[in-house]
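These notes concern the structure reproduced below.
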Amino acid sequence: MKLINKIAKLAGKENFEIDNNIESSYIIRVCFKYGIMKIRGFFKAIGRSHIDKSIFVGNGVKLYSKRNLIIGKKVKLHNRVRIDALSKKGVIIGNNVVIGENSIINCTGSLQHVGEGIKIGDRTSFSNDCFFGCAGGIEIGEDVIVGQYVRFHAENHNYADKNKLIKEQGVTHKGIKIGNNCWIGSGAVFLDGVEIGDGCVVAANAVVTKKFASNSIIGGVPAKLIKER
């Protein structure tokens, strides 16, 4: 087990101890999986000084507009992650970030307007099937925990004029900001203009439409303050 724990540390898992109830065959399978991901990551980073060679890359991962993509150390991009980094400020992914299977980062929704991009802080982790619409810009802090099917939409349609088609009234790009050390439950949705401070907890399936101070616990549709930590 000591060897396995050393391997875990190489993968960016600090202070990590594997449960003794896990079978050796299971651990070997996981190690093999991450070994293959490490090899893929090395080849993805060749010729790209802004993509660290220590990254782990799953099967079917697609990276577009790589010149706008910065990836830090020991980042894990799981199976079928797709990142389209076409944007003004690029896609900046910090060290030890995890992006779960089937997640999509899409910076530009229309070729008429290049999007702002996204910045993700160190040690932040996203579960599977998350979506990042980064047209208006997204900033996510460090040590954030994010569940499955969480969606960020940094763009909103104007619709005030009843005499014009909604699609002809343009969009707003206010951006989304998430503080450090937040816990975001599965299925939560963040709309354009949202800001939440450090240490916030967001309930599963909440629809966040406004700003909340640090250490808020929020939930509901639309989300409201439940209590403070």
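Would it be correct to say that V194 is open to solvent by less than 40 Å² (accessible area, probe 1.4 Å) and either free of Cβ contacts under 8 Å to residues at least 60 places away in the same chain or of a type outside the set (D, E) (or both)?
In short, yes.
Please tell me if S216 is buried (at least 16 other Cβ atoms within 10 Å of the Cβ), hydroxyl-bearing (S, T, Y) and in contact with a Leu (Cβ under 8 Å, 6 or more places away or on another chain).
Yes.
Test of understanding: among V75, V146, V91, V81, which residue is in contact with a helix residue (DSSP H, G or I) (Cβ under 7 Å, 6 or more places away or on another chain), buried (at least 19 other Cβ atoms within 10 Å of the Cβ) and free of Cβ contacts under 8 Å to residues at least 60 places away in the same chain?
Criteria check complete, one pass: V91.
Given the conditions (1) closer than 22 Å to Q112 by Cα; (2) in contact with an Asp or Glu (Cβ under 8 Å, 6 or more places away or on another chain); (3) open to solvent by 60 Å² or more (accessible area, probe 1.4 Å), report the number of the one that N180 does not fulfil.
It fails just one condition, (1).
Being assigned to a loop (DSSP other than H, G, I, E, B) and either of a type outside the set (D, E) or buried (at least 19 other Cβ atoms within 10 Å of the Cβ) (or both) is the filter here; which residues of segment 123-143 pass it?
R123, T124, S127, N128, C130, C134, A135, G136, G137, G141
Tell me yes or no: at least one residue of segment 60-75 is of a type in the set (F, W, Y) and within 18 Å of F126 (Cβ to Cβ).
no
Got at least one residue in segment 42-53 being assigned to a loop (DSSP other than H, G, I, E, B) and at pLDDT below 85? Break it down stepwise before answering.
The first filter runs over segment 42-53 and keeps only residues assigned to a loop (DSSP other than H, G, I, E, B), leaving 46-50, 52-53.
When the remaining residues are screened for being at pLDDT below 85, the result is none.
No; the residues of segment 42-53 include none that is assigned to a loop (DSSP other than H, G, I, E, B) and at pLDDT below 85.
Given the criteria touching a residue at least 60 places away in the same chain (Cβ under 8 Å) and crowded, with 19+ Cβ neighbours inside 10 Å, does N106 qualify? Let's see the steps before the verdict.
Numbers: touching a residue at least 60 places away in the same chain (Cβ under 8 Å): no; crowded, with 19+ Cβ neighbours inside 10 Å: yes.
Criteria not met by N106.
Restricting to segment 152-207, name every residue that is among the aromatic types (F, W, Y) and either part of a strand (DSSP E or B) or in contact with a strand residue (DSSP E or B) (Cβ under 6 Å, 6 or more places away or on another chain) (or both).
Residues satisfying the conditions are F152, W183, F190.
Among residues belonging to segment 6-41 that are more than 19 Å from L77 (Cα to Cα) and open to solvent by less than 50 Å² (accessible area, probe 1.4 Å), point out the one that is modelled with the highest pLDDT.
Of the residues in segment 6-41, the ones more than 19 Å from L77 (Cα to Cα) are 6, 15-28.
Still in the list and also open to solvent by less than 50 Å² (accessible area, probe 1.4 Å): 18, 27.
Details: I18: 71, I27: 78.
It comes out as I27.
Would you pick out the residues in segment 154-176 that are open to solvent by less than 70 Å² (accessible area, probe 1.4 Å) and either without any contact (Cβ under 8 Å) to a residue 24 or more places away in the chain or among the basic types (K, R) (or both)?
N158, D161, Q169, G170
The values are calculated or read from the model by the stated rules, or taken from the named source; none is laboratory data. These numbers were taken from a predicted model, which means no experiment stands behind them. Ideal geometry is used to build each Cβ from the backbone, glycine not excepted, and the neighbour counts take in all protein chains shown. For accessibility, only protein heavy atoms count, side chains too; no ligands or nucleic acids. Shrake-Rupley method; radii C 1.70, N 1.55, O 1.52, S 1.80 Å.
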